[in-house]
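Trainee: Pasting in a structure now, in structure tokens, and then I'll have a few things to ask.
The values are calculated or read from the model by the stated rules, or taken from the named source; none is laboratory data. It should be emphasised that the depicted structure is a prediction, and the values quoted were computed from it without experimental measurement. Methodologically, a virtual Cβ is constructed for each residue, glycine included, from the backbone with ideal geometry; neighbour enumeration extends over all protein chains shown. Just the protein is used for accessible areas: all its heavy atoms, side chains included, with ligands, DNA and RNA removed. Shrake-Rupley method; radii C 1.70, N 1.55, O 1.52, S 1.80 Å.
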Amino acid sequence: MTATLTSITLSEWDTKGPDDCADLAGRFLDSSPGTRRVVERLTESNLLCLTELRRGLTVRAFSHVGRIRVGDLNITVLPKIKGASLLSLVRYAYGFRRLNLISDSTHLVDQCGFQDLLISQLNAEVQELISRGLFRSYISTGERLSSPRGRIDLTRMALDGGTVTATLPCQHHPRIEDTLLNRVLMAGLRLAGSASMTSIVDLRRESRRLASLFEEQVSLIRPDGIILDRAARQMSRLTTAYAPALSIIRLLVESQGVVLEGQTTTTTLPGFLFDMNAFFQALVSRFLRENLPGYAVQDEHGLKGMMRYNPKFNPQRRQSPTPRPDYVVMKLGTICSILDAKYRDLWKNPLPREMLYQLVVYAISLRQCPQSSILYPTTDALAKEARIDVTDPLFGRHVGQVCLRPVFLPLIEKLILTKTSQARREREAYAHRLAFGD
């Protein structure tokens with residue numbers, strides 16, 4: 001007998017329990033070792049936290065959004081950034097084109113999770129590619145033809161011993177659509193059309209319809225990181241229109257089928273969980289790179305030489321650790337600012353100790369101006385920058401400073417959607433404020 005699935009919906013960083021959710025009251029986890037192991041790994045990975053209480057089950061979400069199934073429990077985590085705002089920011093962060101999506105309609109956009117928006121955009125991107133004409137490539141083909149095409153293969157004729165036949169061996173180059181890029185597109189559409197990726201029937205139906213248009217001309221493959229890397233290496237100026245669709249497919253592949261690796265086993269869960277911290281990091285990275293003229297912004301720049309193993313006390317000859325902040329702002333080769341993006345509203349929530357300790361390490365790496373900053377998202381217009389002074393506990397000497405700097409998402413959305421010279425000046429001023437403070 002098939003167990004009845006119970007669906008629970010909550011927002012990122014929220015908690016639901018038996019007091020505010022009737023479906024969790026009196027509910028407990030499956031007692032099987034497999035389910036227990038999965039729940040432990042979810043908690044250790046900071047994906048989800050499921051806790052059994054005397055009165056029922058508590059579900060706590062972190063920065064990951066999407067949908068996942070644990071036993072007979074279907075858990076959906078929605079982003080707190082709603083509707084058109086999330087869509088605009090996602091498009092900007094990942095360089096997607098502004099196309100008409102099924103999720104642009106009001107009655108659907110408020111239901112959409114992150115994966116639904118990605119699938120909507122993927123469908124629109126592929127429809128745009130089909131309407132323009134899919135990329136075709138010349139493929140070297142050797143075959144015997146009754147009507148010769150291309151170059152007659154004299155070597156093959158000689159090997160045949162001069163046998164007279166109704167066909168001639170030819171080497172020709174037909175232009176076909178069965179290219180790696182189109183194979184990846186079809187595989188991405190088939191993945192997007194699965195029930196585990198989205199619960200919106202219209203999205204699944206559209207993905208499957210588009211995939212069916214490829215079936216006669218394109219070979220079926222299973223997408224993974226290696227194939228996506230091969231496709232990325234084949235990109236050229238002739239195929240730049242494929243870049244947004246391939247980016248979406250990579251996000252779907254990397255976040256679908258959540259994999260929990262243990263010491264002896266690897267568990268794959270049906271579902272999709274995307275780390276919103278990665279989205280926020282991409283959003284801030286593009287905004288800074290485009291709006292800090294005269295500066296270079298490097299992502300995950302290694303602070304080499306800051307920490308080193310003592311060569312006399314490194315028995316296993318391990319490499320020295322290299323701290324890698326999310327962004328380093330440089331001018332003429334000199335580091336001017338060290339920034340880290342944290343997807344946690346620090347205006348409403350306390351600063352975790354591990355975040356503070358990490359930023360203190362970054363700050364003391366700058367001798368001339370020992371300061372580092374956390375950039376965090378907020379929708380509260382009252383949020384202001386806070387600063388933590390770090391002092392020597394023995395002598396009270398100032399050794400560094402950590403800044404907590406809010407990124408006001410409604411303002412970012414407004415600035416990136418307005419294409420005027422005044423908006424450009426405002427973007428540059430706000431990017432300078434994020435990088436260097438007030």
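Trainee: Please get the size of the charge dipole for the chain, origin at its Cα centre, with Cβ charges of +1 on Lys and Arg and -1 on Asp and Glu, quoted in debye to the nearest 20. Intermediate results must be reported in sequence, preceding the final value.
Mentor: Numbers: 57 positive and 44 negative charges, 223 e Å.
It comes to approximately 1080 debye.
Trainee: Let me ask another. Show which aspartates and glutamates lie in cross-link reach of residue 331 when reach means a straight Cα distance below 14 angstrom and same-chain residues fewer than eight apart are skipped.
Mentor: In chain and number order, there are no partners.
Trainee: Give me the compactness ratio for segment 331-438, meaning the Cα radius of gyration over 2.2 N^0.38 Å.
Mentor: 1.18
Trainee: How many percent of all Cα-Cα pairs in segment 5-52 sit more than 17 Å apart?
Mentor: Across segment 5-52, Cα pairs with separations above 17 Å total 40 percent.
Trainee: Between 401, 121, 281, find the one with the highest GNM mean-square fluctuation for the chain; connect C-alpha pairs within less than 10 Å.
Mentor: 401
Trainee: Further question: List the aspartates and glutamates whose Cα sits under 14 Å from the Cα of residue 414, skipping any in the same chain fewer than 8 residues away.
Mentor: Counting by Cα, and skipping residues close in sequence, residue 414 has these aspartates and glutamates nearby: 426, 428.
Trainee: So what is the accessible area of the chain per residue, in Å², with the probe set to 1.4 Å? Show your work: numbers first, answer last.
Mentor: Values: 23760 Å² over 438 residues.
With the other protein chains kept in place, the chain gives 54 Å² per residue.
Trainee: When Lys and Arg each count +1 and Asp and Glu each count -1, what net charge do the other residues less than 13 Å away from residue 8, Cβ to Cβ, add up to? Could you put the intermediate results ahead of the total?
Mentor: Working: positive: 16, 27, 60, 67, 69; negative: 14, 20, 23, 72.
Spelling it out: positives minus negatives among the neighbours equals +1.
Trainee: Calculate the dipole size of segment 1-70 relative to its Cα centre from +1 charges on Lys and Arg beta carbons and -1 charges on Asp and Glu beta carbons; express the result in debye to the nearest 20.
Mentor: Working: 10 positive and 9 negative charges, 41 e Å.
For this selection, approximately 200 debye.
Trainee: Next question, about the same structure. Scale the Cα Rg of segment 330-383 by the rule-of-thumb value 2.2 N^0.38 Å and send over the ratio, two decimals.
Mentor: On the way: Rg = 12.9 Å, N = 54, 2.2 N^0.38 = 10.0 Å.
This ratio for segment 330-383 stands at 1.29.
Trainee: Which residue, 166, 28, 321, has the largest displacement toward the positive end of the dipole of the chain when charges sit on each Cβ (Lys, Arg +1; Asp, Glu -1)?
Mentor: Projecting each Cα onto the dipole axis, the largest value belongs to 321.
Trainee: Bins of 5 Å, beginning at zero and ending with the bin holding the largest distance: percent of Cα pairs per bin for segment 137-226, please.
Mentor: Whole-percent P(r) values from 0 Å outward: 3, 13, 16, 13, 11, 9, 9, 9, 7, 5, 3, 2, 0.
Trainee: Return the carbon/sulfur percentage of the accessible area of segment 313-433, one whole number, probe 1.4 Å, all protein chains in place.
Mentor: Values: 3870 of 7230 Å².
About 53 percent, which is the carbon plus sulfur part of the accessible surface.
Trainee: Identify which of 394, 180, 50 has the largest mean-square fluctuation in a Gaussian network model of the chain, with springs joining Cα atoms closer than 10 Å.
Mentor: Largest GNM mean-square fluctuation: 394.
Trainee: I need the per residue convex hull volume for the chain, using only the alpha carbons, in cubic angstrom as a whole number. Intermediate values should be presented prior to the final figure.
Mentor: Values: hull volume 120.5 nm³, N = 438.
Taking only Cα atoms, the chain has a hull volume of 275 Å³ per residue.
Trainee: Carbon and sulfur: what percent of segment 158-210's accessible surface (1.4 Å probe)? Walk me through the numbers before you get to the answer.
Mentor: On the way: 1320 of 2470 Å².
The C+S portion of the solvent-accessible surface of segment 158-210 is 53 percent.
Trainee: So who's got an amide H within less than 5 Å of the one on residue 48, skipping anything under 5 residues away but keeping other chains? H placed 1.01 Å off N, in plane.
Mentor: Under 5 Å from the amide H of residue 48: 43.
Trainee: Using a Gaussian network model of the chain whose springs link C-alpha atoms within less than 10 Å, name the residue from 223, 352, 311 with the highest mean-square fluctuation.
Mentor: The residue that fluctuates most here is 311.
Trainee: Along the Cα-to-C-beta direction of residue 60, a point sits 7 Å from the Cα; which residues of segment 348-375 have their amide N less than 19 Å from that point?
Mentor: Within reach of a label on residue 60: 348-356.
Trainee: Hey, which aspartates and glutamates would be in cross-link range of residue 82, C-alpha to C-alpha under 19 Å, not counting anything within fewer than 8 residues on its own chain?
Mentor: Result set, ordered by chain and number: 12, 14, 104, 110, 116, 275, 345, 380, 413.
Trainee: Continuing with this model, one more query. Under Stokes-Einstein, with the Kirkwood radius over Cα pairs standing in for Rh, what whole-number D in µm²/s applies to segment 281-327 at 37 °C and 0.692 mPa s?
Mentor: Numbers: Rh = 13.0 Å.
It comes out at roughly 253 µm²/s.
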